[in-house]
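The values are calculated or read from the model by the stated rules, or taken from the named source; none is laboratory data. Everything numeric in this text was worked out from a predicted model, so none of it was measured. Because the Cβ atoms are built from the backbone with ideal geometry, glycine has one as well, and the counts that use them run over all protein chains shown.
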Amino acid sequence: MLWGMTEHHTLLPATAPFDFSCSLRALASFSPCSGDQRIAEGRVRKALPHPVDPRQAVVVEVGPPPDGYTGVALAVFAETELSAAEAAQVELAVDRWLGLSEDRTGFLATAEADPAMRRVLAIGRGLHQVRFSSLAEGTVYFTLTQRSTQWFAAARKRRLAEDQGPRLTVDGVDYVAFPAMPTVLGLDLADLTRYAGSRSRAERLREVLEGVAALDEQWLRTADYESVRSALLAIKGVGMFTAHAILLRVLGRPDDTPLEMAQFTRVATMLYGEPTPQPAEIRERYGPWVGWWAYLSRTAMSWTEDDPPPGERRKRPGRQRAKSAGGEPNPEGAQAATDSSQRSSVRTPHPVAPLTVSPSLVSDQAGDDMSMCAQLSRMEPVNSRR
């Protein structure tokens with residue numbers, strides 16, 4: 001027990017197979033949230049908004065469970081004691097963040113029958129999908145990637161959290177949570193412009209946030225997939241890429257993903273060689289779990305040094321200009337990683353306002369935000385101070 005601090009301890013179950021070390025590895029390399037948590041000694045600490053009072057934060061510490069238990073050990077630090085209902089809400093947020101309740105039985109059975117997936121399963125069988133920790137955070141990030149770069153979107157998101165998010169100090173480290181949806185919606189257009197980098201991007205961000213907030217989050221998570229996708233696409237400022245990104249990387253819904261994008265066609269070629277299966281063939285094979293195929297394949301393939309199939313030379317593609325008129329990334333021109341994503345130990349600086357897009361900063365987010373990006377997390381989060 002820390003002085004002036006209450007703690008809540010519990011075990012959270014995960015649907016087998018589950019390997020927490022895979023979760024930590026995915027968290028450490030998920031560049032859109034790089035620096036938003038602290039990973040050390042086989043545990044991760046992260047701030048979340050208080051389940052009742054968004055002006056306060058709680059800090060969750062997730063670690064390995066006791067031997068023989070499938071799941072994680074959870075400690076929650078708060079300034080005041082959490083009620084049973086409040087603790088349950090925090091536990092649910094952690095469950096969703098780490099995808100603990102994902103039942104991947106059908107997907108794994110299909111993947112095990114796919115010979116090309118053997119090397120992926122050998123290192124990533126226990127990986128559940130790591131997601132954005134809240135609907136507000138993921139919606140802000142994916143909207144900010146439109147007509148911008150992944151690096152700038154992450155920096156803008158981080159700056160918004162630094163200024164507007166609640167914080168809590170644990171063991172001398174000041175953790176900052178991404179603000180709750182009502183807090184972000186409560187910002188005036190001038191403030192949003194300061195974080196978004198331009199008035200037009202701020203207006204688009206407000207339109208998307210208002211549209212998503214008008215939809216019931218539980219409905220977004222549980223309703224018929226096509227109905228939810230249609231509802232998201234009906235929001236002004238949401239195109240096919242953003243809708244799929246929110247569905248998969250925020251809501252954890254694997255029913256579909258834009259396999260036609262270069263990031264996924266490259267993975268398919270690395271896995272299957274030539275002739276490479278067409279997106280329609282992969283969708284037919286994996287059905288409602290095709291999003292998990294995309295996530296696990298890209299993530300686990302980045303963890304292995306296996307040689308690519310014959311005829312494929314492992315190289316990082318050049319930067320390409322690829323934007324549609326509506327601000328959505330062009331699937332044919334998206335790249336998988338930027339130069340900044342390869343740095344393992346350089347602290348990402350806070351951007352200076354106002355942030356603007358130059359011709360050289362073309363849209364390259366499609367290679368990162370739909371899956372993981374090969375950037376190692378720093379030991380100290382950007383949104384923390386010692």
Task: Subset of segment 28-70 [part of a loop (DSSP other than H, G, I, E, B), at negative phi and small (Gly, Ala, Ser)] - done: Ser29, Ser34
Task: Meets criteria (in contact with a Pro (Cβ under 9 Å, 6 or more places away or on another chain), basic (Lys, Arg) and surrounded by 14 or more Cβ atoms within 10 Å (Cβ to Cβ)) for Arg45 - done: yes
TODO: Read through the list (1) more than 18 Å from the chain's Cα centre (by Cα); (2) assigned to a helix (DSSP H, G or I); (3) aliphatic (A, V, I, L, M), then give the number of the only condition that Ala243 fails.
DONE: (1)
Task: Looking only at segment 70-97, and only at residues there that are over 21 Å from Pro166 (Cα atoms) and either in contact with a Pro (Cβ under 8 Å, 6 or more places away or on another chain) or outside the structural domain of Leu11 (by TED's automatic domain parsing) (or both), the one that is surrounded by the most Cβ atoms within 10 Å (Cβ to Cβ) - done: Val72
Task: segment 103-123: number of residues that are in a loop (DSSP other than H, G, I, E, B) and without any contact (Cβ under 8 Å) to a residue 60 or more places away in the chain - done: 1
- [ ] Within segment 170-198, track down each residue that is out of contact with any Gly (no Cβ under 8 Å at 6 or more places or on another chain) and crowded, with 19+ Cβ neighbours inside 10 Å.
- [x] Val170, Tyr175, Ala180, Met181, Val184, Leu187, Leu192, Thr193, Tyr195, Ala196, Gly197
Task: Breaking point among (1) within 19 Å of the chain's Cα centre (by Cα); (2) in contact (Cβ under 8 Å) with a residue 12 or more places away in the chain, for Gln218 - done: (2)
TODO: From (1) without any contact (Cβ under 8 Å) to a residue 24 or more places away in the chain; (2) crowded, with 18+ Cβ neighbours inside 10 Å; (3) more than 30 Å from Gln164 (Cβ to Cβ), pick out the condition that doesn't hold for Pro275.
DONE: (2)
Open item on the list: Can you confirm whether Ala280 is assigned to a helix (DSSP H, G or I) and free of Cβ contacts under 8 Å to residues at least 12 places away in the same chain?
Closed with: yes
Open item on the list: Of the residues Ala177, Ala243, only one is in contact with a strand residue (DSSP E or B) (Cβ under 6 Å, 6 or more places away or on another chain) and among the aliphatic types (A, V, I, L, M); which?
Closed with: Ala177
